[in-house]
Amino acid sequence: DQQVKQNSPSLSVQEGRISILNCDYTNSMFDYFLWYKKYPAEGPTFLISISSIKDKNEDGRFTVFLNKSAKHLSLHIVPSQPGDSAVYFCAASSYNQGGKLIFGQGTELSVKP
Amino acid sequence: DVKVTQSSRYLVKRTGEKVFLECVQDMDHENMFWYRQDPGLGLRLIYFSYDVKMKEKGDIPEGYSVSREKKERFSLILESASTNQTSMYLCASSPGGLANYGYTFGSGTRLTVV
């Protein structure tokens, strides 16, 4: 059972426009959410996170939105740059699971010049 | 600069071989994890460890075992490699407690079983 789902395997966006990556989850116990970015032949790197007590967190060009009632979060990248082309993974955790993260399938973002 | 180091970037092994994947972190982290990444399936947790000599099964432990004799080192063992274990293997570590600090990942080991 996939507790964290990224239903779009790929997304293509023009440079300078907004990229929106989506993630849905099923476990209402999740209380912390993270986004990771992965380039080919490298390990994922942490991008941005949000606690369930918030509905928005912003860091430069990256903003994560959390809709708890819909069990949905999204990552907005504005403006998108060619260097943002990578696979983005959504991840979730709950307090009673300690440090264990559950990851989604990933979305491959391609930003075209 | 904090690091998680995986001993091999690429490995090719034969079916039936015993395979060892090594991971070392220099951040004094309590938690260490092994994931595999496959297209369309994302990152799936194989095993994890919250402390030395501790191990817990993740979502897909079948065919794997782990060893954590020292805090900084977490080894993944494929007891008898099979072609369906061809994958990218990723090691990660994090400080003890909640996931709020996130993981630090290694660069991955691309394993091919022939």
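Taken together, the values in this text are just the output of simple stated rules run on the coordinates, not laboratory data. None of the values given here were measured: they were computed from a predicted structure. Here the Cβ positions follow ideal geometry from the backbone for every residue, glycine too, while neighbour counts run over all protein chains shown.
Just the residues that are touching a strand residue (DSSP E or B) at 6+ places or on another chain (Cβ under 6 Å) and surrounded by fewer than 17 Cβ atoms within 10 Å (Cβ to Cβ), please, taken from the stretch B:25-43. Lay out the reasoning, then the answer.
Taking the stretch B:25-43 as the starting set, the residues that turn out to be touching a strand residue (DSSP E or B) at 6+ places or on another chain (Cβ under 6 Å) are B:25, B:29, B:31-38, B:42-43.
Selection gives B:38 alone.
Taking the condition within 20 Å of residue B:42 (Cβ to Cβ), of a type outside the set (A, V, I, L, M, F, W, C), within 14 Å of chain B (Cβ to nearest Cβ) and touching a Cys at 6+ places or on another chain (Cβ under 6 Å), does residue A:43 pass? Before the answer, list the steps.
Values: within 20 Å of residue B:42 (Cβ to Cβ): yes; of a type outside the set (A, V, I, L, M, F, W, C): yes; within 14 Å of chain B (Cβ to nearest Cβ): yes; touching a Cys at 6+ places or on another chain (Cβ under 6 Å): no.
In short, no.
What residue, of B:94, B:67, B:87, is buried (at least 20 other Cβ atoms within 10 Å of the Cβ) and either within 12 Å of the chain's Cα centre (by Cα) or free of Cβ contacts under 8 Å to residues at least 24 places away in the same chain (or both)?
On the way: B:94 fails: either within 12 Å of the chain's Cα centre (by Cα) or free of Cβ contacts under 8 Å to residues at least 24 places away in the same chain (or both); B:67 fails: buried (at least 20 other Cβ atoms within 10 Å of the Cβ).
After applying the criteria, what remains is B:87.
Kindly indicate which of B:87, B:107, B:94 is more than 8 Å from chain A (Cβ to nearest Cβ) and either farther than 22 Å from residue B:11 by Cβ or hydroxyl-bearing (Ser, Thr, Tyr) (or both). Write out each step before concluding.
Numbers: B:107 fails: more than 8 Å from chain A (Cβ to nearest Cβ); B:94 fails: more than 8 Å from chain A (Cβ to nearest Cβ).
Being more than 8 Å from chain A (Cβ to nearest Cβ) and either farther than 22 Å from residue B:11 by Cβ or hydroxyl-bearing (Ser, Thr, Tyr) (or both) holds for just one of B:87, B:107, B:94, which is B:87.
State whether one or more residues within the stretch B:8-19 are within 23 Å of residue B:84 (Cβ to Cβ), within 10 Å of chain A (Cβ to nearest Cβ) and surrounded by 14 or more Cβ atoms within 10 Å (Cβ to Cβ). Give the derivation first.
Residues of the stretch B:8-19 that are within 23 Å of residue B:84 (Cβ to Cβ), as a first pass: B:8-19.
Next, only the ones that are within 10 Å of chain A (Cβ to nearest Cβ) stay: B:9-10.
From what is left, the residues that are surrounded by 14 or more Cβ atoms within 10 Å (Cβ to Cβ) are none.
For the stretch B:8-19, residues within 23 Å of residue B:84 (Cβ to Cβ), within 10 Å of chain A (Cβ to nearest Cβ) and surrounded by 14 or more Cβ atoms within 10 Å (Cβ to Cβ): absent.
In the stretch B:4-57, what residues are farther than 24 Å from residue A:88 by Cβ and β-branched (Val, Ile, Thr)?
Residues satisfying the conditions are B:5, B:12, B:15, B:19, B:24, B:52.
From the list A:101, A:66, A:109, pick out the single residue that is within 21 Å of residue A:43 (Cβ to Cβ), buried (at least 17 other Cβ atoms within 10 Å of the Cβ) and away from every other protein chain (no Cβ under 14 Å).
On the way: A:101 fails: away from every other protein chain (no Cβ under 14 Å); A:66 fails: within 21 Å of residue A:43 (Cβ to Cβ).
Selected residue: A:109, the only one of A:101, A:66, A:109 that is within 21 Å of residue A:43 (Cβ to Cβ), buried (at least 17 other Cβ atoms within 10 Å of the Cβ) and away from every other protein chain (no Cβ under 14 Å).
Which numbered condition trips up residue B:81, out of (1) in a loop (DSSP other than H, G, I, E, B); (2) surrounded by 15 or more Cβ atoms within 10 Å (Cβ to Cβ); (3) within 14 Å of chain A (Cβ to nearest Cβ)?
Against the list (1) in a loop (DSSP other than H, G, I, E, B); (2) surrounded by 15 or more Cβ atoms within 10 Å (Cβ to Cβ); (3) within 14 Å of chain A (Cβ to nearest Cβ), residue B:81 comes up short only on (3).
Mind checking which strands (runs of 3 or more DSSP E) fall wholly inside the stretch A:49-89 and carry at least 2 residues that are under 12 Å from the mean Cα position of the chain (by Cα)? Full working, then the answer.
Numbers: elements: A:56-59, A:62-67, A:72-77.
Qualifying strands (runs of 3 or more DSSP E): A:62-67, A:72-77.
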